[in-house]
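The values are calculated or read from the model by the stated rules, or taken from the named source; none is laboratory data. What you see is a predicted model, and the numbers here were worked out from it, not measured in a lab. Positions of Cβ are backbone-derived with ideal geometry, glycine not excepted, and every protein chain shown enters the neighbour counts. When the accessible area is computed, the model is the full protein with side chains, heavy atoms only, and any ligands, DNA or RNA have been set aside. Shrake-Rupley method; radii C 1.70, N 1.55, O 1.52, S 1.80 Å.
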Amino acid sequence: MSECRVLTNLKGLLSPDPRAAWAVDRIPDAALALEGGRVLWMGRRTDLPAAFAGAPTLDGGGAWACPGFVDPHTHLLFGGDRSGEFNRRLHGVPYAQVAAEGGGIRETVRATRLATVDQLVADGEARLRTLRDRGVVHLEAKTGYGLELEAEARLLEAYGRLRAAGWSLDITLLPAHDIPAEFGGDAEGYAALVADEWLPELVRRQPGVARYADVFVETGVFSVAQGRRIFEAGQRLGLQPRVHADELSWTGGAELAAELGAASADHLMFCSEQGMRAMAAARVRPVLLPATTLFLGMRDWAPARAMIGAGCEVALASDFNPGSSPCLDPLLVLRLGCLQLRMTFEEAFTALTLHAARSLGREDLGHLHPGAKADILLWDLGDPLELVYWVGEAFRPRFVRA
Ligand code: NIG
Ligand code: FE
């Protein structure tokens with residue numbers, strides 16, 4: 001019991017209840033007993049068990065304690081930026097036209113192929129620090145701007161170095177993010193190469209670094225059949241599928257994710273009702289990315305209410321990337337979840353904590369029940385709802401050093 005500390009002087013505690021899909025504990029005048037970086041107990045201060053009564057205290061300063069945010073979909077590492085393309089879009093040129101003219105993802109691929117591992121790591125660290133200062137304690141991050149074996153390997157190496165430096169992240173291989181220009185539109189040939197040669201080679205070079213494989217299943221990019229081939233190759237290597245699904249049009253990505261038992265299906269602005277039911281039955285978590293819908297100026301927000309109604313455990317994420325979501329702001333994601341996806345505050349909060357963590361197989365993140373990692377944020381607010389209500393405020397959390 002020597003290292004045990006009691007976090008007290010809290011205005012309250014807000015945490016999803018991991019025993020239920022959408023229940024949130026809201027405990028005024030709360031306390032938490034922490035030991036070895038884990039939560040041992042949480043509840044009302046006046047109910048603190050006698051065993052913890054003599055432990056040294058940590059002063060919460062009258063704040064609200066919440067679990068750290070988890071961001072389960074980012075494209076953290078890339079070279080360059082796409083501000084020029086953004087300005088063209090503001091002048092009325094559609095995203096699809098920019099891409100068809102050789103810009104879009106391909107512009108970032110050109111810049112990423114020129115970046116060294118050291119540059120990628122330095123940029124990644126700066127972005128990770130920004131996310132952490134805003135309350136993100138764990139995230140998923142994808143390759144996918146290399147689109148050639150050596151450049152994808154450099155991205156994977158950079159992610160491995162970031163993880164070795166102590167950043168908490170899960171890594172996804174996404175060489176099938178687009179068809180590289182040099183393949184002249186041969187999606188079939190490129191998908192075969194990724195499935196049969198690149199995924200095995202990337203895993204052979206850096207065993208245990210990547211946990212997931214992803215494919216951009218979309219009209220004009222990779223078909224469901226090509227996606228299935230790549231995902232099944234990944235599964236044979238121990239990589240669980242996460243699917244870029246039904247983002248710009250209905251393509252059957254949600255149905256594919258359910259068929260494969262994927263960890264997640266992501267985007268889903270054009271998901272079918274059958275896809276929602278299939279995801280709920282297969283316990284595939286939809287990961288919704290409203291900052292992308294905002295930044296692309298689209299009218300079709302993902303149907304979060306229908307998904308929740310169908311029994312899906314919806315998660316929220318940033319989709320941080322240079323083209324469709326240059327957004328490192330978890331509060332913007334939370335706010336869009338409420339204001340555009342029409343989730344309640346409690347639902348959006350659960351989606352960016354508990355369900356986000358579960359889509360990454362992390363049972364010890366996204367809540368503050370006993371056994372959870374003590375990644376606790378302290379918000380100096382009268383009520384956590386203010387995180388959304390004061391819609392333009394750049395609130396920053398304080399952190400508990402357990
Ligand atoms: O998640 N959909 C594919 N990939 C990204 C966009 C990538 C880009 O424009 O650079 C996304 O939205
Ligand atoms: Fe994405």
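Sort the following peptides by mean Cβ neighbour count (other Cβ atoms within 10 Å, averaged over residues), highest first: 91-97, 101-107, 61-67.
Ranking the peptides 91-97, 101-107, 61-67 by packing returns 61-67, 101-107, 91-97.
Averaged over every viewing direction, what's the projected area of the C-alpha convex hull for the chain? Give it in nm², one decimal, please.
Spelled out: convex hull of the Cα atoms, projected over all directions, averaged, 18.8 nm².
Hey, what angle do you get for helix 273-282 against the long axis of the chain, alpha-carbon based, 0 to 90 degrees rounded to 10?
The answer is roughly 60 degrees.
Any idea of Y389's accessible area? Nearest 10 Å², probe 1.4 Å.
Surface accessible to solvent at Y389 totals approximately 150 Å².
By how many degrees, between 0 and 90 and to the nearest 10, does the Cα long axis of helix 117-133 differ from the longest principal axis of the chain?
Taking Cα atoms only, the helix is inclined about 40 degrees.
With a ≥ b ≥ c the root eigenvalues of the C-alpha gyration tensor of the stretch 167-285, is it rounded (a/c under 1.5), prolate (a/b larger than b/c) or oblate?
It is oblate, given that a/c is not under 1.5 and a/b is not larger than b/c.
Could you tell me whether the stretch 110-151 comes out rounded, prolate or oblate from its Cα gyration tensor? Rule is a ≥ b ≥ c as square roots of the eigenvalues, rounded for a/c under 1.5, then prolate if a/b exceeds b/c, otherwise oblate.
prolate
Mind jotting down the distance between the C-alpha centroids of the stretch 42-89 and the stretch 312-348, whole Å?
The two parts, judged by their Cα centres, are 15 Å apart.
What shape does the stretch 42-85 take by its C-alpha gyration tensor, where a ≥ b ≥ c are the square roots of the eigenvalues and a/c under 1.5 counts as rounded, a/b above b/c as prolate, and the rest as oblate?
prolate
Based on the mean of other Cβ atoms within 10 Å per residue, sort peptides 376-384, 310-318 so the most packed one is first.
310-318, 376-384
Sorted by mean Cβ packing within 10 Å, highest first, what order do the peptides 320-331, 117-128 take?
By packing density, highest mean first, the sequence is 320-331, 117-128.
Enter the angle in degrees (range 0 to 90, nearest 10) between the Cα long axis of helix 224-236 and the first principal axis of the Cα atoms of the chain, meaning the one along which they spread out most.
With rounding to tens, the tilt is 60 degrees.
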